[in-house]
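The values are calculated or read from the model by the stated rules, or taken from the named source; none is laboratory data. Predicted, not measured: the structure shown is a model, and the values here were computed from it. Don't worry about glycine lacking a Cβ; one is built from the backbone with ideal geometry, like all the others, and counts go over all protein chains shown.
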């Protein structure tokens with residue numbers, strides 16, 4: 001294997017490592033605080049850390065949208081998502097190791113209302129989050145912008161406060177679905193959280209797809 005190929009493989013692996021680390025710490029922040037201000041601040045900092053290596057996605061919904069813009073090939077996008085989900089799995093295991101069965105971590109929708117309402121919020125707010133990510137990080141006019149991490153972190157703070165009481169405020173399949181899956185797999189909670197876990201897949205993915213299609217339609221000459 002040539003030196004160039006070795007360097008290319010090394011740089012590619014670095015992207016996946018960064019996505020794993022970033023999603024791990026983002027998920028832990030959700031777990032330990034549940035505070036949108038803390039979550040947004042950590043997310044912004046992680047983006048500044050990872051933007052020059054992997055693009056700083058830390059969210060399968062973001063990766064899907066970036067892939068639709070043809071900034072990633074399918075294989076890369078799949079590896080990004082696998083790294084992100086793995087980071088969330090490890091974060092859930094660390095949380096379980098620290099607290100055992102004394103505390104359960106997973107986001108939960110307001111179950112006193114129709115489940116379609118939390119689904120709508122997860123989809124709508126992921127749409128807004130991903131659209132801002134695309135405009136500040138992917139659009140050619142935003143190339144080299146130093147404000148993207150701050151803008152994305154701030155919008156996550158606002159959306160988190162707005163949606164937390166309705167859907168739990170995930171807007172991220174790794175953060176929303178994986179902790180539910182892990183708590184079920186480990187047998188920590190007998191409250192059947194998998195009954196609503198699907199909203200943390202369907203909502204963010206549909207919101208991401210809508211944002212990606214709209215962005216590509218509006219800025220088709222600048223992507």
**Asked** Hey, any hits in region 79-86 for a residue that's under 19 Å from the mean Cα position of the chain (by Cα), under 18 Å from residue 171 (Cβ atoms), buried (at least 23 other Cβ atoms within 10 Å of the Cβ) and touching a residue at least 24 places away in the same chain (Cβ under 8 Å)?
**Response** yes
**Fill in**
Of the listed residues (120, 105), the one being at negative phi and modelled with pLDDT of 95 or more is 120
**Prompt:** Residues in region 195-210 that are farther than 19 Å from residue 67 by Cβ, over 13 Å from the mean Cα position of the chain (by Cα) and surrounded by 15 or more Cβ atoms within 10 Å (Cβ to Cβ): how many?
**Reply:** 3
**Hits in region 106-123 (condition: in a loop (DSSP other than H, G, I, E, B) and more than 17 Å from the chain's Cα centre (by Cα))** = 109, 110, 111, 112, 113, 114, 115
**Asked** Is it fair to say residue 89 is part of a helix (DSSP H, G or I), under 15 Å from residue 58 (Cβ atoms) and touching a residue at least 24 places away in the same chain (Cβ under 8 Å)?
**Response** yes
**Message:** Checking residue 119 against (1) touching a residue at least 24 places away in the same chain (Cβ under 8 Å); (2) over 28 Å from residue 72 (Cα atoms); (3) in contact with a helix residue (DSSP H, G or I) (Cβ under 6 Å, 6 or more places away or on another chain); (4) surrounded by 15 or more Cβ atoms within 10 Å (Cβ to Cβ), only one condition comes out false. Which one?
**Reply:** (2)
**Item:** Within region 45-59, tally of residues that are surrounded by 21 or more Cβ atoms within 10 Å (Cβ to Cβ) and under 28 Å from residue 99 (Cα atoms)
**Value:** 3
**Request:** Could you run through region 192-223 and say how many residues are more than 20 Å from residue 137 (Cα to Cα), assigned to a loop (DSSP other than H, G, I, E, B) and in contact (Cβ under 8 Å) with a residue 60 or more places away in the chain?
**Result:** 1
